[in-house]
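Read-outs: derived from the displayed coordinates by stated rules, not from any lab. If you're wondering where the values come from, they're calculated on a predicted model, not measured in any experiment. So basically every Cβ, Gly included, is an ideal-geometry build from the backbone, and we count neighbours across all protein chains shown.
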Number of protein chains: 2
Amino acid sequence: MSARAGIVVTGTEVLTGRVQDRNGPWIADRLLELGVELAHITICGDRPADIEAQLRFMAAEGVDLVVTSGGLGPTADDMTVATVARFCGRELVLDEALEETIAGILRRLMGGRHGVDFEAVMAANRKQAMVPEGAHVLSPVGTAPGVVVPGSPTVLVLPGPPRELQPMWRTAVDDDAFSAAIAGRTVYRQETIRMFGLPESGLAETLREAEQSVRGFDRLEITTCLRRGELEIVTRYEPDAADSYAALLDVLRDKHGRELFSIDGALVDDQVAALLAGRTIATAESCTAGLVAARLTDRPGSSDYVAGGVVSYSNDAKVNLLGVDAALIEAHGAVSEPVAEAMAAGALRRFDADTAVAITGIAGPGGGSEEKPVGTVCFCIALGDGRIHTRTLVLPGNRSDIRERSTTVALHMLRHALTEAAS
Amino acid sequence: MSARAGIVVTGTEVLTGRVQDRNGPWIADRLLELGVELAHITICGDRPADIEAQLRFMAAEGVDLVVTSGGLGPTADDMTVATVARFCGRELVLDEALEETIAGILRRLMGGRHGVDFEAVMAANRKQAMVPEGAHVLSPVGTAPGVVVPGSPTVLVLPGPPRELQPMWRTAVDDDAFSAAIAGRTVYRQETIRMFGLPESGLAETLREAEQSVRGFDRLEITTCLRRGELEIVTRYEPDAADSYAALLDVLRDKHGRELFSIDGALVDDQVAALLAGRTIATAESCTAGLVAARLTDRPGSSDYVAGGVVSYSNDAKVNLLGVDAALIEAHGAVSEPVAEAMAAGALRRFDADTAVAITGIAGPGGGSEEKPVGTVCFCIALGDGRIHTRTLVLPGNRSDIRERSTTVALHMLRHALTEAAS
């Protein structure tokens, strides 16, 4: 038994590359978790003939489930639902309860706005309440409802914006017709390991060795991915191959204990957030200019431990806001370990914090020199007990890579420093 | 006349979303430049049956050109060339000159390495010198050659790594068979308009009216996309429909002059960067916690006008670093227009700047009240000449949406304030 699926991504902006498709990979992951095999992803523009051709292709390939994303908006170029209805041989009918729901959502959205003709807006949105006869409606998260159309294949129609698609997917998973379509799935386990600071070739070498030493290695489906300087190792296996996975994990721990930081999929952000409980952190950023502060405050409740930060882009800001000695900048340059340390000390003091992270570097493309090339970044973590951790790296890539990678390095240095302080 | 193309992306790591496909969008852009219409992108894993199914689909859809990427490596799971040969009904033959070329490349690559059996490596790579009979060979940039197989459709086979694919594409464009396949291409113009603050349904309404009033409206291929609260309207047309496009632009300017901010595709970031020339800006951020500073410094050269900023996440930080009066916070709350104005004034003063942007709001999920629900955000732009612009909005969405949308609102308020100041 097995269940196969296909994904049809619609949208001229995605086809032409103006918008990066985030739904295909996300749905691919969810299908994998469910034990459904993904056979094809297809992308086309907002043209009914092309959408229908892709649906026919999926049907001809014998998939059990087709998931579509996009094309559910109120504008005339959004025609996925009508196309799916025709493909499935079903009439489009007005769902009056759904129309009322959408009207309610729109009324709330436009609440305070003057000069908007509500009836005109509602007329434009009426088409969103037209669904294929007999389809199961998924309540809108934005204004666009989704539908599940039972059949061979069953078609699940979802909106394009990821923040609407993702919660609606979770509703769809509980739908009867959806469950029936993927009844043949195989249940797998999936585990995620994360490492930082190991080159991909080092991991490849270890996996080649593990192929010899780990019994049942061929029953583990391992995919590795390098992202933001972190290696993500995802392993999928049937439950009775759990011993082989445990043996693989032992090998990885043994060889790469220093680099391995997560065996439960937790992100470094999760770990740093946990380590910061009961503490107060402040940031002092130059080249990352707020990216570390923004990342630390990404999660709800971060105001419990984030006091704030200074973006000291200019030298004056370093002196005036963080109390860095101008003579220090003069002597060592703004991108130097002494200045990073003085920035961290200033952040501790100015925010009355017990944890500070400071970054000063050259993100480029200008500003590099022979001694300090573009990509040179100095980091300092300072703790209230006087401990400091200082480091200089030369990071590869363009301006955006260097800024993003610096942010990740800072989080890993924080993790190290706080783990050490807690032990 | 027209020329249509399809792109077949192969690779299990791309299908499963572990690696983001960068080739589809890149090739899409190149086809657009050439005036070739892209109909479909399809993605499948390293399975010959799936690759062949996608090639058959493209042929059935009547495309003139299929471009494949990936699956040209020396390992057993790379089988795109063999699959394309079978699909095109051509034998695979050993190209001896090509084999010599690949051997030369490998010899250079392995030059310094000890303990490598060159003959074994060469045997593994011999399959890369097998090409469909009568195909045109594209010299390898890495070790994998590409091929152009003339026919209906003509198939262009390219390697997966973008740094190999991109230069080889440029060689392919000069190939006779490639040129013949796209002989029917039409040169299009493409224009991008951006708006902010208009709901998508309002634009839909206007476009429905324009369909009646603009002569030759049906010759304009219009796609609209809502992103970060901004509407992007891309119109593609043949050069002799330029009058219709001009008429459409008049309609949009007429109805939405307030919301329309770009008719040349420029981003608000570009416009703000230009308006900041000769000025000095500082930020004071609470709920966005560095996102505005990070966005302003995204582009090279921003150190000319960005002095820095304060992330004043806690009330103490607002008082100590920005000089906000604690009594003001007590009286109005941290999320209030008087506090936003005091934060902006503090940023001007502390950074000796002539432009400041301040944001204080409730990103949620906690912290909301009946009077100030989650999503309430107060903005203030203050200029050195004493002018201030203050505004409070209630933004929809989750924590991350509210933070990102606030950042965009701040940039648009900056654009307004600086445009007014310059006039």
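Tell me, what are the semi-axes, in whole angstrom and largest first, of the equivalent ellipsoid of region B:319-382 as set by the roots of 5 times the Cα gyration tensor eigenvalues? Don't skip to the end; give the middle numbers.
Working: eigenvalues 100, 32, 15 Å².
Its equivalent ellipsoid spans semi-axes of 22, 13, 9 Å.
Could you tell me which residue out of A:Ser302, A:Ile233, A:Gly184 lies farthest along the dipole of region A:169-307 toward its positive end? Charges go on the beta carbon: Lys and Arg +1, Asp and Glu -1, centred on the Cα centre.
A:Ser302
Across region B:137-148, in residue order, what do the Karplus-derived ³J(HN,Hα) couplings come to in whole Hz, using 6.51 cos²θ - 1.76 cosθ + 1.60 with θ = phi - 60° and x for Gly and Pro?
So the J values, rounded to whole Hz, are 8, 9, 4, x, 9, x, 10, 9, x, x, 9, 10.
What do you get when you divide the Cα radius of gyration of the protein assembly as shown by 2.2 N^0.38 Å, with N the number of residues? Write out the running numbers ahead of the final one.
On the way: Rg = 28.6 Å, N = 846, 2.2 N^0.38 = 28.5 Å.
Compactness ratio reported: 1.00.
Could you check the simple spin-label distance between B:Ala422 and A:Glu205, using points 7 Å along Cα→Cβ, in nm with one decimal?
Going by the 7 Å Cα→Cβ label model, 5.5 nm.
Within region A:330-406, list the GluC sites (Glu not before Pro) lying in a DSSP loop whose Cβ has at most 13 other Cβ atoms in a 10 Å radius.
On the way: sites: A:Glu330, A:Glu341, A:Glu370, A:Glu371, A:Glu404; in loops: A:Glu370, A:Glu371.
Here the GluC sites (Glu not before Pro) that fit, given the DSSP loop and packing criteria, are A:Glu370, A:Glu371.
Setting aside same-chain residues fewer than 8 positions from B:Lys372, which aspartates and glutamates have a Cα under 13 Å from its Cα?
Once the sequence-local aspartates and glutamates are set aside, what remains near B:Lys372 is B:Glu337.
Collect residues whose amide H, placed 1.01 Å from N in the peptide plane, falls under 5 Å from the amide H of A:Phe261; neighbours closer than 5 in sequence don't count.
Placed amide hydrogens put A:Arg194, A:Met195, A:Phe196 under 5 Å from A:Phe261.
What does the charge dipole of region B:189-266 about its Cα centre add up to, to the nearest 20 debye, if the Cβ of each Lys and Arg holds +1 and the Cβ of each Asp and Glu holds -1? Before the final figure, lay out the partial values.
Numbers: 11 positive and 16 negative charges, 46 e Å.
My answer is approximately 220 debye.
In chain A, which whole DSSP H runs stretch at least 15 Å along their own axis (Cα) and average -0.5 or higher on the Kyte-Doolittle scale?
Numbers: long enough: A:23-34 (16 Å, -0.02); A:48-60 (18 Å, 0.28); A:96-110 (21 Å, 0.35); A:162-173 (16 Å, -0.76); A:200-213 (20 Å, -0.96); A:242-256 (21 Å, -0.21); A:337-350 (19 Å, 0.06); A:399-422 (34 Å, -0.39).
Length and hydropathy pass: A:23-34, A:48-60, A:96-110, A:242-256, A:337-350, A:399-422.
Output the Kirkwood hydrodynamic radius of region A:215-314, Cα pairs only, in Å rounded to one decimal.
Details: mean 1/r = 0.0608 Å⁻¹.
The answer is 16.4 Å.
In nm, give the distance between the simple-model label positions of B:Glu96 and B:Arg227, each being 7 Å from the Cα along the Cα-to-Cβ direction.
Output for this residue pair reads 5.3 nm.
Could you give the C-alpha radius of gyration of region A:1-143 expressed as a fraction of 2.2 N^0.38 Å, taking N as the number of residues it contains?
Details: Rg = 16.7 Å, N = 143, 2.2 N^0.38 = 14.5 Å.
So the Cα radius of gyration is 1.15 times the expected 2.2 N^0.38 Å.
In percent, how large is the relative contact order of chain A, given Cα pairs closer than 8 Å and 6 or more residues apart?
Values: 780 pairs, mean separation 44.8, N = 423.
RCO, chain A: 11 percent.
Output the direction-averaged projected area (hull surface divided by four) of the convex hull of the alpha-carbon atoms of region A:269-422, in nm². Present the calculation step by step, with values, prior to reporting the outcome.
Numbers: hull surface 32.7 nm².
With the hull built on Cα positions only, its mean projection is 8.2 nm².
Output the Cα-based Rg and Dmax of region A:189-266 in Å, rounding Rg to one decimal and Dmax to a whole number.
Cα radius of gyration and Dmax of region A:189-266 are 11.5, 33 Å respectively.
Towards the positive end of the charge dipole of the protein assembly as shown, with charges on Cβ (+1 Lys, Arg; -1 Asp, Glu), say which of B:Ala344, B:Leu260, A:Trp169 has the farthest Cα.
Going by the charge dipole, the pick is B:Ala344.
Looking at A:Val121, A:Thr68, A:Phe87, which one has the Cα that reaches farthest to the positive end of the dipole of region A:68-152 (charges on Cβ: Lys, Arg +1; Asp, Glu -1)?
Among A:Val121, A:Thr68, A:Phe87, the one farthest towards the positive end of the dipole of region A:68-152 is A:Thr68.
Charges at C-beta only: +1 for Lys and Arg, -1 for Asp and Glu. How large is the resulting dipole of chain A about its Cα centre, in Debye rounded to 20? Could you put the intermediate results ahead of the total?
On the way: 40 positive and 58 negative charges, 120 e Å.
Dipole magnitude for chain A comes out near 580 debye.
I need the semi-axes of the equivalent ellipsoid of chain B: take the C-alpha gyration tensor, multiply each eigenvalue by 5, square-root it, list largest first in whole angstrom.
Working: eigenvalues 568, 169, 70 Å².
One finds semi-axes of 53, 29, 19 Å for chain B.
Treat each spin label as a single point 7 Å out from the Cα along the C-beta direction, and report the A:Asp117 to A:Arg387 distance in nm.
Inter-label distance under the simple model: 6.8 nm.
Would you mind working out the magnitude of the charge dipole of region B:269-422 relative to its Cα centre, with +1 at each Lys and Arg C-beta and -1 at each Asp and Glu C-beta, to the nearest 20 Debye? Please list the in-between numbers first.
Working: 13 positive and 18 negative charges, 37 e Å.
Value, rounded to 20: 180 debye.
If each DSSP helix of 4+ residues adds -39,500 (n - 2.57) and the sum is divided by the residues in chain A, what number results at 222 nm, nearest 500 deg cm²/dmol?
Working: 16 runs with 175 residues, N = 423.
Estimated from H runs of four or more residues: -12500 deg cm²/dmol.
Count neighbours as other Cβ atoms within 10 Å of each site's Cβ, and list the trypsin sites (Lys or Arg not before Pro) in region B:180-273 that are DSSP loop with at most 16 such neighbours. Kindly include the intermediate steps, with their values, before the conclusion.
Working: sites: B:Arg185, B:Arg189, B:Arg194, B:Arg208, B:Arg215, B:Arg219, B:Arg227, B:Arg228, B:Arg236, B:Arg253, B:Lys255, B:Arg258; in loops: B:Arg185, B:Arg215, B:Arg228, B:Arg258.
Qualifying residues, ordered by number: B:Arg215, B:Arg228, B:Arg258.
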